[in-house]
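The values are calculated or read from the model by the stated rules, or taken from the named source; none is laboratory data. Owing to the predicted nature of the structure, the values given are computational and were not obtained by experimental measurement. Ideal geometry is used to build each Cβ from the backbone, glycine not excepted, and the neighbour counts take in all protein chains shown. Surface areas here come from the heavy atoms of the whole protein model, side chains and all, with no ligands, DNA or RNA. Shrake-Rupley method; radii C 1.70, N 1.55, O 1.52, S 1.80 Å.
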Amino acid sequence: MTSFIIGAHTNRSIPTEWRDDADRNCPFCRIIAGEMPSTRLYEDDKVIAILDILPLRRGHTLVIPKAHYSRVSELPPEYASAVGQAVTKVANGLTKALDNTALNVVCNQEYAQAVPHVHYHIIPAPSFDSSAGVELLEKAKVKEVALSRREMHQREFESREELDEDEGKVLAVRIRASL
């Protein structure tokens with residue numbers, strides 16, 4: 001899913017703010033602390049799940065451990081387990097709420113990781129009977145040549161729009177009801 005941007009991150013130095021003691025500036029830690037707004041879908045003592053504010057598709061959700069760790073490879077077993085359980089629970093709720101069982105579940109470590117706090121993306125796959133799918137197909141037809149996978153991913157990435165707050169609230173109610 002994000003392979004088209006990986007090359008831009010190869011061999012880059014790791015930012016100093018990615019140190020595990022830098023959570024005071026971490027936007028996810030601030031969301032967890034209630035200092036920044038979010039549309040919460042699920043929460044327990046170790047994990048939260050929120051709608052992504054710049055979703056690839058409707059329902060794009062982030063599952064985030066409440067403890068600050070920059071790398072999934074350093075996540076303690078109790079948090080890894082809690083995140084895994086939450087991913088399953090939220091993915092199940094998303095498939096029911098959106099009537100779409102196709103999902104991408106992604107966790108990046110350092111490259112292609114926009115926020116240096118472990119988080120999993122649960123992204124509903126495109127449904128080509130939806131208007132978003134039709135738009136992608138129409139753009140592909142304009143070129144008269146089949147788009148490469150990289151070109152399709154790039155166009156999809158470029159078409160991202162900020163989550164509408166009201167739409168997010170309505171969607172969150174549907175998803176929570178399906179958890």
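A few points about this structure:
- Within the stretch 52-76, residues that are closer than 19 Å to residue 88 by Cα reach partners that are acidic (Asp, Glu) with beta carbons closer than 7 Å, at six or more positions or on different chains, in the pairs 60/52; 61/52; 62/52.
- Number of residues in the stretch 54-113 that are out of contact with any strand residue (DSSP E or B) (no Cβ under 9 Å at 6 or more places or on another chain), buried (at least 20 other Cβ atoms within 10 Å of the Cβ) and among the hydroxyl-bearing types (Ser, Thr, Tyr): the value is 1.
- Filter pass, residue 101 being over 16 Å from residue 26 (Cβ atoms), free of Cβ contacts under 8 Å to residues at least 40 places away in the same chain and assigned to a loop (DSSP other than H, G, I, E, B): yes
- Residues of the stretch 117-126 classified as open to solvent by less than 20 Å² (accessible area, probe 1.4 Å) and either β-branched (Val, Ile, Thr) or more than 15 Å from residue 61 (Cβ to Cβ) (or both), total: 4
- Of all residues in the stretch 149-166, those satisfying the criterion of being under 17 Å from the mean Cα position of the chain (by Cα) and either within 19 Å of residue 98 (Cα to Cα) or not hydrophobic (A, V, I, L, M, F, W, C) (or both) are 153, 154, 156, 158, 159, 160, 161, 162, 163, 164, 165.
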